[in-house]
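Here's the structure we're looking at; comments come further down.
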Amino acid sequence: MLRRAFSVSLILLYFSFILAPIVLMLIGSFGEKWFSTLLPTGFTLDWYVQLFRKAMYTRAMVMSLWVAGLTVLINGAVSVLTVYAVHVLDSRRIRAAFDFCLLLPIAIPPVVMGLGMIQAYNWKGFSLVGTWQLLLGAHLVYTLPFMMRPLMANIEMIRWSTLEEMSLSLGASLWTTIRRVLIPNLLPGIVSGALMTFAMSLGEFQLAVMVTGSKTQTFPVVLYQAFYVSTGFACAATVLMVLTSLLALVGLSLLGRSFSGEAVMGS
Amino acid sequence: MNPGSGKNGVELIGVGKLYGSTQAVRGVSLAVREGEFLSVVGPSGCGKTTMLRMIAGFIEPDAGDVLIGGVSMKGVPVRGRRVGIVFQNYALFPNMTVRENVAFGMKVQKRPQLQIEETVASLLAMVNMADRADSYPRQLSGGQQQRVALVRALAIEPRVLLLDEPLSALDAKVRNTLRFEIKRIQRDSGITMIYVTHDQEEALSISDRVALMRGGSLEQVGTPAELYSSPASEFAADFIGVNNILRGVYEGGGKFAWNGRFFTVETPAEAERNPGARAILTIRPERLVPAEAEYDGPNALEGRVAGRIFLGPLTRVALAVDSPDGETLLLDLLNAAGESAQMGDLLKVRFAPSDAHLLF
């Protein structure tokens, strides 16, 4: 009984720690004034109106979605091919190299990666710093392990090499095998990798702040600047960010489910 | 006539495969007749699976050639060989139902839909899985999954069916029923089957012929009865079934000397060429029979019961023979006799000269 009460209160504490700031932001975004009071005073939708009127914020949101979307697509394609190759080659050395490469982006702090990128891609007469392409590159590297890991676990769980041999022996071409057997059975890994990667890219701040320029800022970068405008405005921007993120994640997982549902029904 | 020919026969000619510095398969030549059930047995690492994978086309041999229906398979990819395969881990496609799994090969071949449906239905009925057609593999037991995998491979009307330890992941009861189900399907369909297993008992019970492998080479090929009663080597005598292996000297004239005793044995004529040679006498446990105390004919042995194992229909007794090396012989006694043999009892046994097998 006591233990149950303890664990319930722990869970409540955890959720309030995570959710309380977001709830406060939600309340703050509708408040007229929030200055030296516990909760804001007055009700207004003005902050949201302002948010959508300012090109800097809408452009940043579009940029964020663009970069995050491309990160998911490119990393997804690269990861499926890589994981497939590493699994089928079945070499201990290649597997060790693969595992090491996956550790690197996690071991290197984003600050270090960002500074390194500025050094590496900033030459006289030709600089990538300030372009969204460089940010995309940075996000690709940064999120790659989180796409690869679930895929690797997935392909190992289904013991792909035997399935492939089976499909070939039944007369299917490699392309048919990949389309009809590999992709449908890899969907759970693809979806969980995509969710992770999208969320990470969308919310990533350190790399974005260092690598982007005024025209290519992403939403987290302008969100940080919003707090210098006013609290209510910043709250509204934060709420927009959280909502976008949630909607995108729900959308992605629904998409994944409908695809795997289709595969399960059999084409 | 060449036994490997026939449109669905398989022939291996001097097939070899090297992995790094390990010779996984060395110069194997073997002909499998059309409609034959051939098992390949041997300890793990003997090259049996590598051999099977070379027939399937997953591995290209370094040396020699694989012929199916008399045609060389050099450069023919897996999907062009029309060879059915059954793996130990079933390898059913998890995203497809039982019906879709079985239909997969025919769909790829673009057979008419009606024909696919009819074939799937009759194949599933053949293995009693008709009522599970819409289940997914994860909803089936191991035995059921392997039944589906079996008919999925048969659905493409393969010229040869290759089975790689198909029953090893199943528990004993299922293994036994499925073993005979495979045999029945093979007999009814007349399909050529090559069956790889490490379980020699399984191989003996269902095969027309058994190929015993060791260290990448064929040790002996023959009918189950031949391998059991006339092993070609000590390895074969030891690997197939249970055996008593007596190391001694062949004295010539049908006399075998072992630990100061002399046995009368039946010998092939060529054995007379080397009297005085080291030799091995193998006697199956069921060929050692109890003798009366007053028996004074040839091939009698006396010892004390040093151990007994109850095996159901019979009792296996370990008999410690009075000899300098303190050797133990195994003998199988039908139960009435087996139950009366108690630990420490003095027991006299004998064997007929024709029941022992001499090896040089």
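Nothing in this text is a laboratory measurement; each read-out follows from the coordinates by a stated rule. Remember, it's a predicted structure, so these values are computed and weren't measured experimentally. Cβ: placed from backbone, ideal geometry, glycine included. Neighbour counts: every protein chain shown.
Things worth noting here:
- Summarised in one figure, the compactness ratio Rg/Rh of the range A:42-265, Cα atoms and Kirkwood Rh, is 1.06.
- Residue-averaged [θ]222 nm for chain A, counting only DSSP H segments that reach four residues, each worth -39500 (n - 2.57): -26500 deg cm²/dmol
- Residue among B:Met96, B:Met193, B:Met51 with the largest mean-square fluctuation in a Gaussian network model of chain B, springs linking Cα atoms under 10 Å: B:Met96
- The distance from the alpha carbon centre of the range B:8-75 to that of the range A:203-238 is 66 Å, rounded to a whole number.
- Cβ-to-Cβ counts within 10 Å put A:Leu135, A:Leu249, A:Leu12, B:Leu227 in ascending order as A:Leu12, A:Leu249, B:Leu227, A:Leu135, the fewest first.
- If R0 equals 45 Å, the separation of the Cβ atoms of B:Lys348 and B:Arg187 corresponds to a calculated FRET efficiency of about 0.50.
- Per principal axis, descending, Cα span of the range B:56-116 in whole Å: 41, 28, 15
- Distance from the range B:250-277 to the range B:303-320 (C-alpha centre basis), Å: 29
- Compactness of the range A:200-256 as Cα Rg over 2.2 N^0.38 Å, two decimals: 1.25
- Globularity ratio of the range A:82-130, using Cα Rg and 2.2 N^0.38 Å: 1.65
- In the protein assembly as shown, the DSSP beta bridges split such that about 75 percent are antiparallel, to the nearest 5.
- Between the range A:103-130 and the range B:172-240, the Cα center-to-center distance that results, in Å: 64
- Divided by 2.2 N^0.38 Å, where N counts the residues, the Cα radius of gyration of the range B:242-352 comes to 1.11.
- When shorter helices are ignored and each DSSP H run of at least 4 residues is given -39500 (n - 2.57), the per-residue value for chain B at 222 nm works out to -7500 deg cm²/dmol.
- When the Gaussian network model of chain A links Cα atoms closer than 10 Å, the mean-square fluctuations of A:Trp123, A:Trp34, A:Trp132 top out at A:Trp123.
- Where the Cα pairs of the protein assembly as shown fall when distances are cut into 20 Å bins, in %: 15, 32, 27, 17, 8, 2
- Under Stokes-Einstein, with the Kirkwood radius over Cα pairs as Rh, the value for chain B at 25 °C and 0.890 mPa s is 106 µm²/s.
- Under 19 Å from B:Lys74, Cα to Cα: lysines that are on another chain or at least 8 residues apart: B:Lys7, B:Lys17
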